[in-house]
Amino acid sequence: LVTLYRLLFLYSIIFIFMMPATLMAQDIGIRNPSLEGIPSQYRAPGQWLVVSSTPDIQPGVTGVYKPASNGNTYSAFRGGPHWLEAIAQKLNTNLLPDITYRVSFDLCFARGYDSATCYGALAIYGATTLTDTLELLWQSGPFYNTEWQRFTAEFTPHGEYSYIVFGGDVRVACD
């Protein structure tokens, strides 16, 4: 059971917060699950890596001041049909095929971060290298909540993956 507790993703700024302790799923530990770091643009929190584009550590940059749901900071991403902002972590133990994992986290949508956004959406991928997104493991679908709300993703990988990736997942343009 993994309980990721804080992620914030922007494209429609999606904010994600993960739990402030090491999370375990089977024998998989996630380091810095609360996504703590120094607020800044174009960075991933400590123990996390930038997969693509320009995720931010919030609050306090680019006009985003929403307090974290837990701890002091969170990750923020934008994403679209042709643009993925994402962070990843190389796991100490791979995600294994045919084993079900559960991840819980808080998400919220930040209006006004980008004028082209009208909802938030998050995707979780399994990857074998930092820059791939080989298997889509879970999608939140659109969400509109501007206050933190707990989401739980349950997924069963078909392949073996050494990285877990979290990124913005806005696929439908706003009117």
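Observations on the structure shown:
- Protein accessible area in the range 33-175, 1.4 Å probe - carbon and sulfur %: 50 percent
- Peptides 34-40, 84-90, 128-134 ordered by packing proxy, namely the average of other Cβ atoms within 10 Å per residue, highest first: 84-90, 34-40, 128-134.
- Placing dummy labels 7 Å off each Cα toward the beta-carbon, the span from Tyr42 to Ile99 is 3.8 nm.
- Net length gained if the chain between Arg150 and Tyr65 were fully extended (0.36 nm per residue, minus Cα distance): 28.6 nm
- Between the C-alpha center of the range 43-59 and that of the range 124-175 there is a gap of 15 Å.
- About its Cα centre, the range 71-175 has a charge dipole of approximately 180 debye under the convention of +1 per Lys or Arg Cβ and -1 per Asp or Glu Cβ, with nothing else charged.
- Paramagnetic label zone (point 7 Å from Cα along Cα-to-C-beta, Lys90; backbone N under 14 Å) in the range 37-66: 47-51
The values are calculated or read from the model by the stated rules, or taken from the named source; none is laboratory data. Since we're looking at a predicted model, the values are computed, not measured. Every residue, glycine among them, receives a Cβ derived from its backbone with ideal geometry; neighbour counts consider all protein chains shown. Only protein heavy atoms, including side chains, enter the accessible area calculation; ligands, DNA and RNA are left aside. Shrake-Rupley method; radii C 1.70, N 1.55, O 1.52, S 1.80 Å.
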